[in-house]
Structure formats: structure tokens, C-alpha cells
1. Any idea what diffusion coefficient the chain gets from Stokes-Einstein, in µm²/s, Kirkwood Rh on alpha carbon pairs, 4 °C, 1.567 mPa s?
2. Taking R0 as 30 Å, what's the FRET efficiency between Lys9 and Ala70 from their Cβ-Cβ distance, rounded to 0.05?
3. Where does the charge balance sit around Met1 when Lys and Arg score +1, Asp and Glu -1, over other residues with C-beta under 13 Å from its C-beta?
4. In deg cm²/dmol and to the nearest 500, what is the mean residue ellipticity at 222 nm of the chain if only DSSP H runs of at least 4 residues count, each as -39500 (n - 2.57), divided by the residue total?
5. Count the lysine pairs in the chain whose Cα atoms sit under 23 Å apart, keeping only pairs 8 or more residues apart in sequence or on different chains.
6. Taking only protein heavy atoms and a 1.4 Å probe, what accessible area per residue, in Å², does the chain have with all protein chains in place?
7. In the chain, with Lys and Arg counted as +1 and Asp and Glu as -1 at Cβ, which of these residues, Ala70, Ala3, Pro51, has the Cα nearest the positive end of the dipole, that is, farthest along it?
8. Where in the chain are the DSSP H helices whose C-alpha atoms run 27 Å or more along the long axis and whose mean Kyte hydropathy is at least -0.5?
Amino acid sequence: MDAKKLEKKYGVTAVQIEEWSEAVERGEYPGVAKGEVIVGRPLLFNEELRPVTFKEPKSKIRAIDERAKALNMSRSDYLRSLVEKDLAGIA
């Protein structure tokens, strides 16, 4: 897609983008603040998250990772789901 089509589609010109870029580089952020800026992953549970760590043998970690992958989940999501099920009395 060429520049003219992009300008028409999004209503922003390359000149405007360059001007915005220069303003940001000067530390100028036009507009109205919408709330506190929070750095990092968005909260999942409307409350602060704290890490939970424990050690397992490499072979068990491999098995956990394989099971998580089979379920199309990350290791963290898989383990989190097991804890949720257990605490809900499902597991």
C-alpha cells in the first residue's frame, strides 16, 4: 500500500507523523491524560500479582511444558489453571 492510500485510510499524513514523532522526542505529549500509566503486563485479576516459585526436577519441568504445549498454554497459564481447579474443588 502506498503512502497516499495509507493517508486516505487512516487520515494521517507522513508529515503529521513526523511532527508527532519530533514532539514526543522533545518530551511533549499532546492531549489529555486518561489515567495512571502502568508499565508491564496488564493485571489479570484486578489486584496486585505476586510471584509464586518452587523448584522441580528438569524431567518434571519437561513434562509440564509438554502438557502445557499440548493444551496450547504457557507453563504459567497451565500451572495457574491447575491451582484454580484445585482451589475450586474441581481437581
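The values are calculated or read from the model by the stated rules, or taken from the named source; none is laboratory data. This one's a predicted model, so the numbers in the text were calculated from it and none came from an experiment. When we count neighbours, we look across all protein chains shown, and the Cβ atoms used for this are built from the backbone with ideal geometry, even at glycine. Calculation scope for accessible area: heavy atoms of the full protein, side chains included, ligands and nucleic acids excluded. Shrake-Rupley method; radii C 1.70, N 1.55, O 1.52, S 1.80 Å.
1. Values: Rh = 18.6 Å.
Taking Rh from Cα pairs, D becomes 70 µm²/s.
2. On the way: r = 41 Å, r/R0 = 1.36.
The formula returns an efficiency of 0.15 here.
3. Values: positive: Lys4, Lys5, Lys8, Lys9; negative: Asp2, Glu7.
Here the charged neighbours net out to +2.
4. Numbers: 4 runs with 46 residues, N = 91.
Here the helix-only value at 222 nm equals -15500 deg cm²/dmol.
5. Working: Lys55/Lys69; Lys55/Lys85; Lys58/Lys69; Lys60/Lys69; Lys60/Lys85; Lys69/Lys85.
For the chain, the number of qualifying lysine pairs is 6.
6. Numbers: 8870 Å² over 91 residues.
It amounts to 97 Å² per residue over the chain.
7. Of Ala70, Ala3, Pro51, it is Ala70.
8. Values: long enough: none.
Long hydrophobic helices here: none detected.
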